[in-house]
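**Q** Below is the structure I would like to discuss, written out as structure tokens.
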Amino acid sequence: MRSFVLKATVILSSVATAASMGVALAATDAVTPAAAQSARAPHVPYDEAADAKAEIAAALVAAQRAKVPVLVVFGANWCGDCKVLDLSFKEGEAAPLIAKNFKVVKVNVGRMDRNVDIAESYGVPLKKGIPAVAVLSAKGSVVYATQAGELADARKMGDKGIVDFFTNVAKSKKD
């Protein structure tokens, strides 16, 4: 848990702090310029060039084979709560739960000006806050969607709150 909180704090730290860390790292002989650049690069969970509809279609095919639902996560790279949720999915207590129970597709919504039509088609009101999710059956029907910004305070929820939320979703939303 401490490692998760520390990583979330680092992700949300200022660019100036990351840059100063990169300068300190670049001064050592053991760090290459590419590694120093990577250390300064902010964590960006959402591929801004991705074709969200194609990624969802591919996830549905994989979900049918795996017999699990698809978790569509709407968010943006500027969103601190989105970054915390993403980190929880990758390294937090929620990681094994998410990996076992869902095929995940992350959909970039930019400044609420990208892929909004997809969120609307799944009944996800982005104006209530991001990150927001829709759970699709392996056949593509919506079986759950956040309605009131349930994950928009992921930083305050913490890893345990995120695990509890998705444990409940996983139990009740299988095909």
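The values are calculated or read from the model by the stated rules, or taken from the named source; none is laboratory data. A quick note: this is a predicted structure, and the numbers were derived from the prediction, not measured. Note: ideal-geometry Cβ built from the backbone for every residue, glycine included; neighbour counts use all protein chains shown. Ligands, DNA and RNA are excluded from the accessible area calculation, which covers all protein heavy atoms including side chains. Shrake-Rupley method; radii C 1.70, N 1.55, O 1.52, S 1.80 Å.
**Q** Run through the range 126-175 and list the trypsin sites (Lys or Arg not before Pro) located in a DSSP loop whose Cβ has at most 10 other Cβ atoms within 10 Å.
**A** The qualifying sites: there are none.
**Q** What are the lysines whose alpha-carbon lies under 28 Å from the alpha-carbon of Lys171, with same-chain residues fewer than 8 places away excluded?
**A** List returned: Lys53, Lys67, Lys83, Lys90, Lys100, Lys103, Lys106, Lys127, Lys128, Lys139, Lys156, Lys160.
**Q** Can you list residues from other chains, or at least 5 along the same chain, whose modelled amide H is less than 5 Å from the amide H of Val133?
**A** Here the answer is Phe74, Thr146, since their amide H atoms fall under 5 Å of that of Val133.
**Q** If you roll a 1.4 Å probe over the heavy atoms of the protein chains, what accessible area per residue do you get for the range 73-175, in Å²?
**A** 46
**Q** Which ³J(HN,Hα) values in Hz, rounded to whole numbers, follow from the phi angles of the range 78-87 under the Karplus curve 6.51 cos²θ - 1.76 cosθ + 1.60, where θ = phi - 60° and Gly and Pro get x?
**A** So the Karplus estimates, Gly and Pro as x, are 7, 8, x, 5, 5, 5, 5, 4, 4, 5 Hz.
**Q** Largest first, how would Glu91, Glu55 line up by accessible area (1.4 Å probe)?
**A** Descending accessible area places them as Glu91, Glu55.
**Q** Now a separate question. How compact and how long is the range 71-175, expressed as Rg and Dmax of its alpha-carbon atoms in Å?
**A** For the range 71-175, the Cα radius of gyration and maximum Cα-Cα distance read 12.5, 34 Å.
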